[in-house]
Amino acid sequence: MTFAAWNVAIEAIYAAAAAPGLWPEVLREIAACFEATGSVLLYRHEDGRFGSIVSPSLVPFSAEYGECWQHLDVRAERVFHAIACGQRDVQADHLFFTEAEAAELPIFRDFLHPRGFGWAMSVPVSPLPAVQVILTLLRAREQRGYDAEAQGRLLALSRHVERALALSIRLMDAEAERDGLAAALDRVDCGVFVLGGDRHLLHANGTADRLLGKGLIVSAGRLRATDAVAQKSLQARCEVLEGDDVSGTAATDASLLVPNGERGLILQILPLISSLGVPALQTARMIVLASDPAAEHAFDPTVVRDAFKLTLGEARLAALIGAGTPPGEAADALGITEGTARSVLKRVFAKMGVSRQSEMATLMGKLFMLRQR
């Protein structure tokens, strides 16, 4: 991988944030970064709806996979289970299968290998609590599995993908490409603030307007947080994104909490690489997404992950149990056994420095500024 290829991929990711139709080309650039044959985004909504986006090289095979092979994909089952178990975020096929085992499994023997595909590598991202996404890269059969360096690079890149998808998935649901961006922004399920340089507000959708005065204000034309600590963090993150190089922004946390009475607003901040196609917004530099977490999503997994240095799998379990879901029900929701959930919970306790579920819930409640009952 060259730095040029990396930067091209990062710029493509953020260009697609407000233009969901660009994601197939984004996946092509991501594949090129890792010398992969192609890449796939598989996403699942809480209501059970699935969707996928594939790089152009995988289009000829995607329909056949969905119709004939998806329910027989043992490798995908193991990857999803490993992600839910939470020991690591990036999962590589060669860590689950030997060459001999892969040669006998139908998904490899009869589908992947005849089409020239070999080992894959996957990483989960969480653009919004109600949507789970897996990014997968497929290599050619003659190539070796992805090494630790490649896995680390994929983890770094996944944070950029997560930021961009936070807006893209909402625009997909709002049918932006049919009705236009301006109309779609007013229909998305969160506040959208479009900012120019130095945090000058260029546009706010209806939800964003209603959030003003609830932890966020516009002062001298600039978006500001009313809390001094949150304002300092907001300004620092915006200054990073105003720079010419956004490839390093993955080092910062994906989300920012802004106090709002008994609850905290969750902000996601992403740069804009290309024009939004709206004349009044030609000078836009970044978008701030602001959401007031609903009761069923009291704890956003990305905030829990970033605050306590968990894997996304660990954070999803912690978010469910911290909100009062019994371990058995949380395990069912994540597709793991209750015994596995309790093992994961022990790791979460150790990382958070607590010993009981009640202590974990209290700590998370303080993080999210929720009144404890």
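The values are calculated or read from the model by the stated rules, or taken from the named source; none is laboratory data. Being a predicted model, the structure only gives us computed values, none of them experimental. Heads up, the Cβs are rebuilt from the backbone with ideal geometry, glycines too, and the neighbour counts pull from every protein chain shown. We work out accessible area using only protein heavy atoms, side chains counted, and drop any ligands, DNA or RNA first. Shrake-Rupley method; radii C 1.70, N 1.55, O 1.52, S 1.80 Å.
Specify which of the listed residues (166, 230, 156) is open to solvent by 10 Å² or more (accessible area, probe 1.4 Å) and either modelled with pLDDT of 90 or more or not hydroxyl-bearing (Ser, Thr, Tyr) (or both). Outline the logic, then answer.
Values: 166 fails: open to solvent by 10 Å² or more (accessible area, probe 1.4 Å); 230 fails: open to solvent by 10 Å² or more (accessible area, probe 1.4 Å).
Of the residues listed, the single one that is open to solvent by 10 Å² or more (accessible area, probe 1.4 Å) and either modelled with pLDDT of 90 or more or not hydroxyl-bearing (Ser, Thr, Tyr) (or both) is 156.
Restricting attention to region 350-361 and to residues that are under 30 Å from residue 152 (Cα atoms) and in a helix (DSSP H, G or I), the residue that is most open to solvent (accessible area, probe 1.4 Å) turns out to be 351. Pairs meeting the criteria (first residue in region 144-168 and over 29 Å from residue 287 (Cβ atoms), second residue open to solvent by less than 10 Å² (accessible area, probe 1.4 Å) and in a helix (DSSP H, G or I), beta carbons under 7 Å, at least 6 apart or on different chains) are 145/93. Among residues of region 250-269 being farther than 17 Å from residue 232 by Cα and not acidic (Asp, Glu), the one that is modelled with the highest pLDDT is 263. Sub-9 Å Cβ pairs linking a first residue in region 187-210 that is open to solvent by 20 Å² or more (accessible area, probe 1.4 Å) to a second residue that is modelled with pLDDT under 90 and part of a strand (DSSP E or B), at least 6 apart or interchain, are 189/128; 189/291; 207/291, ordered by first then second residue.
Only a single criterion out of (1) modelled with pLDDT of 90 or more; (2) over 22 Å from residue 165 (Cβ atoms); (3) not in a helix (DSSP H, G or I) is not satisfied by residue 328, namely (3). Scanning region 329-349 for residues that are small (Gly, Ala, Ser), within 25 Å of the chain's Cα centre (by Cα) and surrounded by fewer than 17 Cβ atoms within 10 Å (Cβ to Cβ) returns 333, 335, 343.
What do you reckon, is residue 90 closer than 21 Å to residue 164 by Cβ and either modelled with pLDDT of 95 or more or over 21 Å from the mean Cα position of the chain (by Cα) (or both)? Yes: the conditions hold for residue 90.
In region 83-107, how many are hydrophobic (A, V, I, L, M, F, W, C), open to solvent by 20 Å² or more (accessible area, probe 1.4 Å), in contact (Cβ under 8 Å) with a residue 24 or more places away in the chain and part of a helix (DSSP H, G or I)?
So the first thing to find is which residues in region 83-107 are hydrophobic (A, V, I, L, M, F, W, C), and the list is 83-85, 90, 92, 95-97, 100, 102-103, 105, 107.
Pick out the ones that are also open to solvent by 20 Å² or more (accessible area, probe 1.4 Å) and you get 85, 95-96, 100, 103, 105.
Filter again for in contact (Cβ under 8 Å) with a residue 24 or more places away in the chain, leaving 85, 95, 105.
With part of a helix (DSSP H, G or I) added as a condition, the list becomes 85, 95.
Residues that pass the stated criteria total 2.
In region 183-208, the qualifying residues are those that are assigned to a helix (DSSP H, G or I) and touching a strand residue (DSSP E or B) at 6+ places or on another chain (Cβ under 8 Å), and the one that is modelled with the lowest pLDDT is 185. Considering only region 28-42, how many residues are closer than 24 Å to residue 188 by Cα and in contact with a helix residue (DSSP H, G or I) (Cβ under 8 Å, 6 or more places away or on another chain)? Of the residues in that region, 1 qualify. One residue stands out among those in region 307-328 that are of a type in the set (A, V, I, L, M, F, W, C) and touching a Leu at 6+ places or on another chain (Cβ under 8 Å): the one that is surrounded by the fewest Cβ atoms within 10 Å (Cβ to Cβ), which is 307. Considering region 1-49, the residues that are more than 17 Å from residue 164 (Cβ to Cβ), at pLDDT below 90 and assigned to a helix (DSSP H, G or I) include one that is least open to solvent (accessible area, probe 1.4 Å), namely 5.
Could you list, in sequence order, the residues of region 211-240 that are of a type in the set (A, V, I, L, M, F, W, C) and free of Cβ contacts under 8 Å to residues at least 60 places away in the same chain? It would help to see each step written out before you state the result.
Looking only at region 211-240, we keep the residues that are of a type in the set (A, V, I, L, M, F, W, C), and these are 211-212, 216-218, 220, 223, 225, 228-230, 234, 236, 238, 240.
Across region 211-240, the qualifying residues are 212, 217, 218, 220, 225, 228, 229, 230, 234, 236, 238, 240.
Restricting to region 270-286, what's the tally of residues that are in contact with a helix residue (DSSP H, G or I) (Cβ under 8 Å, 6 or more places away or on another chain) and either at pLDDT 75 or above or of a type in the set (A, V, I, L, M) (or both)?
To start, the set of residues in region 270-286 that are in contact with a helix residue (DSSP H, G or I) (Cβ under 8 Å, 6 or more places away or on another chain) comprises 270-278, 283, 285-286.
Right, trim to either at pLDDT 75 or above or of a type in the set (A, V, I, L, M) (or both) and you get 270-273, 276, 278, 283, 285-286.
Adding up the residues that qualify gives 9.
When region 287-317 is filtered for residues that are in a strand (DSSP E or B) and either modelled with pLDDT of 90 or more or within 15 Å of the chain's Cα centre (by Cα) (or both), the ones remaining, listed by number, are 287, 288, 289, 290. Count of region 169-182 residues, restricted to those that are within 14 Å of residue 17 (Cβ to Cβ), at pLDDT below 80 and surrounded by 15 or more Cβ atoms within 10 Å (Cβ to Cβ), is 4.
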